[in-house]
1. Filter region 236-257 down to residues that are over 26 Å from Val181 (Cα atoms) and touching a Pro at 6+ places or on another chain (Cβ under 7 Å) and give me whichever is surrounded by the fewest Cβ atoms within 10 Å (Cβ to Cβ).
2. Within the bounds of region 199-213, is there any residue that is without any contact (Cβ under 8 Å) to a residue 60 or more places away in the chain, more than 30 Å from Pro248 (Cα to Cα) and β-branched (Val, Ile, Thr)?
3. Has region 220-238 got any residue that is part of a helix (DSSP H, G or I) and without any contact (Cβ under 8 Å) to a residue 12 or more places away in the chain?
4. Against the condition over 30 Å from the mean Cα position of the chain (by Cα) and at pLDDT 95 or above, how does Leu213 come out, does it pass?
5. Within the group Thr148, Thr231, which residue is among the polar types (S, T, N, Q) and closer than 30 Å to Lys122 by Cβ?
6. Being among the polar types (S, T, N, Q) and within 23 Å of Cys264 (Cβ to Cβ), is that true of even one residue in region 154-173?
7. What number of residues in region 259-290 are part of a helix (DSSP H, G or I) and open to solvent by 50 Å² or more (accessible area, probe 1.4 Å)?
8. Determine if region 175-183 includes at least one residue that is under 25 Å from Lys265 (Cβ atoms), in a strand (DSSP E or B) and touching a residue at least 24 places away in the same chain (Cβ under 8 Å).
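The values are calculated or read from the model by the stated rules, or taken from the named source; none is laboratory data. Bear in mind that the values here come from a model prediction, so they are computed numbers and not experimental data. For neighbour counting, all protein chains shown are included, and Cβ atoms are generated from backbone atoms with ideal geometry for every residue, glycine included. Ligands, DNA and RNA are stripped out before the accessible areas are found, and what is left, the full protein with its side chains, is counted by its heavy atoms. Shrake-Rupley method; radii C 1.70, N 1.55, O 1.52, S 1.80 Å.
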Amino acid sequence: MAAAGGRCVWRVLAPHCRWALAAALPRPPQPACCYAAAAKNAKKGSQKAKQEEAKKKKGIIRRPLMSKPVDDVYLTWLYKRPSYNVEEAVGMLKKFQELDFTHPKQYVYINVFLDTALQKKKKVDPFASTVLLPHRFTDEVNKVLVFTENEQEAEIARENGAAVVGGVELIKWILEDEIQVDSYVAVPAIMPKLIPLRNKLRRKYPSTKRNSLGHDIPKMLQLFREGLEYTVEDERLIKTRIARLDMPTEQIVANLKTILEDICKFKPSSSGPFVRKLVIRSSTSEGLLLNLDGLLPEVEKVEEKEEETVEEDDEEKPVQESVST
């Protein structure tokens, strides 16, 4: 490629385009071991950085102060979170409502934190249950469907408030979402014919474990029409409402204890204390940590004492061995 004056255009432009030539030329192949070594060094560097961050976090220990705060404004992380007896906590919620001029008939909620860990890295499966409270706090009634092919049982179900009553003919309508209710109950005789609904209904499928399968139709209808349903969220947390704030304190406490008794029925016999923490609040208030003494069922309390005695025995064994030697 020539230009005027007999000089080559390439020779003229070459000094100014060295970078283009360098990019165009093929690079010599790098050995695979270099890339592997670089990847290993990068992994080691990231692991060291994570370990250093963990050490820094462990090094920061915030020790709670022994005394209670004197002022109304203080750093909460410097103090241990106070816990209250249930009667005292309910009284505080009622006082908050008066001071804030909020609605007196607002709901009372609880957050129950569970210890679902078992041996060999296993956990308690999340569960759902329906419990009949001693003191109702709402006029809402759930819709319940009753599966039965007995005409006499069907008449009893209608008299006790069943929204839908029927047999096998209801299966097609349920699968096509033509019928939608809150709960399903059934008598044992019809269960073999309801197998096509197992995947559709899932946890609402009638079973003796959920008290939705049996011969006592009026009892089942009362439970699922008027009962309170709760479920375990995030494998260890239960959030549910238990009462209305304008109810007497005794009724709120009775509802709370009834729910705790039902929750503790799902506790495996081989595990330790099931309820770890309990927080109560109203619709517009902050959460108050409750003292668990006197709230948990007797079985739970007995198991806690047994664990404490086992720990004391383990501490005494080395002392006795040293004395004997």
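1. Result: Asp246.
2. Initially, region 199-213 is screened for residues without any contact (Cβ under 8 Å) to a residue 60 or more places away in the chain, giving 199-202, 204-209, 212-213.
Right, trim to more than 30 Å from Pro248 (Cα to Cα) and you get 199-202, 204-209, 212-213.
When the remaining residues are screened for being β-branched (Val, Ile, Thr), the result is 208.
Yes.
3. Just the residues of region 220-238 that are part of a helix (DSSP H, G or I), to begin with: 220-226.
Filter again for without any contact (Cβ under 8 Å) to a residue 12 or more places away in the chain, leaving none.
No.
4. Values: over 30 Å from the mean Cα position of the chain (by Cα): no; at pLDDT 95 or above: yes.
No, not satisfied.
5. Numbers: Thr148 fails: closer than 30 Å to Lys122 by Cβ.
So the residue among Thr148, Thr231 that is among the polar types (S, T, N, Q) and closer than 30 Å to Lys122 by Cβ is Thr231.
6. So the first thing to find is which residues in region 154-173 are among the polar types (S, T, N, Q), and the list is 160.
Still in the running and within 23 Å of Cys264 (Cβ to Cβ): none.
There is no residue in region 154-173 that is among the polar types (S, T, N, Q) and within 23 Å of Cys264 (Cβ to Cβ).
7. Taking region 259-290 as the starting set, the residues that turn out to be part of a helix (DSSP H, G or I) are 259-264.
Keeping just the survivors that are open to solvent by 50 Å² or more (accessible area, probe 1.4 Å) gives 261.
Adding up the residues that qualify gives 1.
8. Of region 175-183, the ones under 25 Å from Lys265 (Cβ atoms) are 182-183.
Okay, now just the ones that are also in a strand (DSSP E or B), so 183.
Right, trim to touching a residue at least 24 places away in the same chain (Cβ under 8 Å) and you get 183.
So far as region 175-183 goes, yes, one or more of its residues are under 25 Å from Lys265 (Cβ atoms), in a strand (DSSP E or B) and touching a residue at least 24 places away in the same chain (Cβ under 8 Å).
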